[in-house]
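Asker: Okay, here's the structure, questions in a sec.
The values are calculated or read from the model by the stated rules, or taken from the named source; none is laboratory data. Note that the structure is a prediction, hence the values are computed from the model and not measured. Here the Cβ is made from the backbone with ideal geometry for all residues, glycine too, and neighbour counts use every protein chain on show.
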Amino acid sequence: MEIPMEERIARIEADVAHLRIDVADIKVDMRARFDRMDARMDRMDARMDHVDARMDRIDAKIDGLGSKVDRKADDLRASLGSVKDKLAAAQVWALVLYFALAGSMLGVMARGFGWI
C-alpha cells in the first residue's frame, strides 16, 4: 500500500509552493515592519536633535551662570577682605580706647585717694 512516487513528489511540490508563498508573505511583512521602524527611528532622531539643541542652550546658560557666580564670589572675597581690614583698624582703636579708659580711671582713683 505504498503511495506511488509521483504522488509523493506532487505533494512535496505543493508543500514547497505553499512554503514559498508563506516565505514571500513573511518577507513582505518584515519589509513593512522595517519601513515603519525606519520611519519611527527618523522621528526619534529628529526629536533627539531637538533635545540636543535644547541641552546645548541649557549648557550655555549654565556656563554663563557659572561665570556670574565666580564674579560674585570674587566680589564677596574682596568685600570680606575690606571688612577684615576695617575690623583690624577697629580693634586697634578699641585697644587705644581701653588704655585711655584705664589711664583715666587710674587718674580718678589717684586723685580720690589723694595720691596726686
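Asker: Mind telling me which of the residues Met37, Met30, Met41 ends up being in a helix (DSSP H, G or I), over 36 Å from the mean Cα position of the chain (by Cα) and at pLDDT 95 or above?
Answerer: Unique residue meeting the criteria: Met30.
Asker: Ok, one more. Please tell me if Ile62 is of a type in the set (A, V, I, L, M, F, W, C) and in contact with a helix residue (DSSP H, G or I) (Cβ under 7 Å, 6 or more places away or on another chain).
Answerer: no
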